[in-house]
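Here's the structure we're looking at; comments come further down.
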Amino acid sequence: GRPVILVLDTLEELSLRYPAETAGMVRLFAQVSDRVPALRLVFAGRYEIPAVAECFGAAAVRPVALFTEAQAQSYLRVTRGIADAGRRGELAARANGLPFLLAMYADLVTGDPAIALDSVSEGIEPRLVYLADRIIDRIPQPLVRWLLRYGWVPRRLTRGYVRDVLAPFLVLAASGDR
């Protein structure tokens, strides 16, 4: 008789790679939901998933609420284990209440405990770290990964820039010289 909550996070990843399978899985969850009234489903992701909208059209779409200062401090201290109050304050201020951004800043600090706060303040951009670690590293072709990792330096990546500037380095990377 008590509610059971099932959270499916980052569902957009599955939906991008396997849209038909994702739709089938969501339909299955809709059937289970009809039979189990205590079941509460949360489909979490960066954007809406078409299969979820099809099966649960009346479902509420809710953006993630911003953290208050107290919530950010608690997350950093309790969940992430960052004891230094000054560091927590700096990270919370940089994230400006955005939970996802706060998590990325916390990843930087917990991933490299020796990182200076000044480095974080001076422009290590966690969104770029996230892009490299979570998106670019998933690309199976090593040369495409290399090109995306190092080709973002110019304001715009053009064929001419790749040919005239990056080509010699791309050749080295292709030969195994990273």
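The values are calculated or read from the model by the stated rules, or taken from the named source; none is laboratory data. Being a predicted model, the structure only gives us computed values, none of them experimental. In case anyone asks, the SASA skips ligands and DNA or RNA and just uses the protein heavy atoms, side chains included. Shrake-Rupley method; radii C 1.70, N 1.55, O 1.52, S 1.80 Å.
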Probe radius 1.4 Å, ligands and nucleic acids left out: which of V171, V36 has the largest accessible area, and how do the rest follow? V171, V36
Would you grab the residues whose amide H sits under 5 Å from the one on L39? Only those 5+ places off in sequence or on another chain, please, with H modelled 1.01 Å from N. V4
Per-residue SASA entry for I139, accessible area with 1.4 Å probe, Å² rounded to 10: 30
As a test question: what accessible area, to the nearest 10 Å², does F100 have when a 1.4 Å probe is rolled over all protein chains in place? 120
Accessible surface, region 1-47, averaged per residue in Å² (probe 1.4 Å): 72
With DNA, RNA and ligands ignored, accessible area of E54 (1.4 Å probe; Å², nearest 10): 140
In region 1-71, carbon and sulfur make up what percent of the accessible area (probe 1.4 Å)? 60
